[in-house]
Amino acid sequence: MKTIDNKELILALEQLEKEKGIKKEYVLESIETALVLAYKKNFDSLENVKVEMDEKTGATHIYAIKEVVEAVEDENLQINLQKAKQINPDAQIGDKIEIELAPKGFGRIAATSAKQVIIQKLKEAERNIVYTEFNDRKGEIVSGIIQKADNNVVIMDLGKLEGLMPVKEQIPTEHYRVNDKIKGYVLDVQRGEKGVPQVLVSRSHPDFVKKLLEFEIPEIYEGVIEIKSVSRDPGYRSKVAVYSPNENIDPVGSCVGQKGIRIQNVINELNGEKIDVIEWNADPAIFIASALLPAQILAVDIKEEEKFAQVIVPDNQLSLAIGKSGQNARLAAKLTNWRIDIKSETQFRKMLEETKESKETKEEKDEPKK
């Protein structure tokens, strides 16, 4: 019985399992599958074959599997009962017989195939390690060098992997240049072509601002100050709601820092994007009023069930409260998760008068005729 002995292969697989965590049995199974394909290709065989490798010695056995029949119609897949009994005296019609093969030159083919499989499994293992490493970093900030920058995607060199930043994850006011070093927020880690991991990076996500603040402000990182919510118009303006259960800590002042130095580092990273830091409050009326800063607020009337707030501002504060293209009101609504309708004092009085007139007209119509 001819075998292909390869004790060195087994030693290599054991070392692979120890260093890379790739199970020896898994690699042997993959090599067996590869050898079946290699046999069929190199010997132009239509036989149904299987390969078995000894886990201790690496000895490789190749078998043709044939069905025992009375009259052979396909010699590649069938064997008559007389010949089958020469191999196994207990053979019966319908049984499967394994006939060991000894193809000339298959040892070289087997060694080449085994090497290719091991290289492939090594690459897979390295990809899996890197994938796991970066998958654990989802929600964190990474730094990279821009390799490519066009109108559609920015590709960053993150060391072991490439970071992809699609258009929607880019800050519209920024211009990216090759060899620039930038930071990004890890949104997701995906498996691309051939299983190569790809890191999806964002600079426009609200959590990018949150993570930058955590990095710059120790009180946030330590949990003394909590970021309750962030709303953002990337490249232009962000609003951040902060809170501290410790009454002795000023969460807004701590985040801004003396002369604004702490918040300025974050603004610099975002290339001038304005950041409004406001204090979160459990009372939605107070929180909404703060969220609309820098506008002055006269009153906030809330409807809890609808999560709707009617806000009244002085006449000269209306445009400031709404903001350019509705930016301030829109960011405040996202920050508080409330629908907000803003009216000037004059508009509100007019609305009340119209409501009153409408009510009086209805009452007159409803009065019974005498």
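The values are calculated or read from the model by the stated rules, or taken from the named source; none is laboratory data. Here the structure is a predicted model, which is why all the values come from computation and not from measurement. Neighbour counts run over all protein chains shown; Cβ positions are idealised from the backbone, glycine included.
Of all residues in the stretch 208-262, those being assigned to a helix (DSSP H, G or I), hydroxyl-bearing (Ser, Thr, Tyr) and either exposed (fewer than 15 other Cβ atoms within 10 Å of the Cβ) or under 30 Å from the mean Cα position of the chain (by Cα) (or both) number 1. Going by what's in this entry, would Val196 be described as surrounded by 17 or more Cβ atoms within 10 Å (Cβ to Cβ) and touching a residue at least 12 places away in the same chain (Cβ under 8 Å)? The answer is no for Val196. Of the residues screened, Ile97 is not one that is under 28 Å from Asn268 (Cβ atoms) and in contact (Cβ under 8 Å) with a residue 12 or more places away in the chain. Scanning the stretch 42-101 for residues that are touching a Leu at 6+ places or on another chain (Cβ under 7 Å), over 20 Å from Ser30 (Cα atoms) and of a type in the set (S, T, N, Q) turns up just one, Asn76.
Of the listed requirements (1) free of Cβ contacts under 8 Å to residues at least 60 places away in the same chain; (2) surrounded by 14 or more Cβ atoms within 10 Å (Cβ to Cβ); (3) more than 29 Å from Arg127 (Cα to Cα); (4) out of contact with any helix residue (DSSP H, G or I) (no Cβ under 7 Å at 6 or more places or on another chain), Phe43 misses just one: (1).
When the test is whether a residue is among the basic types (Lys, Arg), closer than 18 Å to Gln296 by Cα and modelled with pLDDT of 90 or more, Arg339 does not pass it.
Applying a threshold of 8 Å to beta carbon distances and a minimum spacing of six or more residues, or different chains, the list of pairs starting in the stretch 130-148 at a residue that is not assigned by TED's automatic domain parsing to the domain that holds Lys20 and ending at one that is among the polar types (S, T, N, Q) reads Ile145/Asn179; Ile146/Asn179. Sort out for me the strands (runs of 3 or more DSSP E) sitting completely within the stretch 29-115 that have 3 or more residues that are among the aliphatic types (A, V, I, L, M). Strands (runs of 3 or more DSSP E) meeting the threshold: 49-53, 60-69, 96-101.
On the given criteria, is Lys183 under 30 Å from Glu67 (Cβ atoms), of a type in the set (Lys, Arg) and touching an Asp or Glu at 6+ places or on another chain (Cβ under 8 Å)? The answer is no for Lys183.
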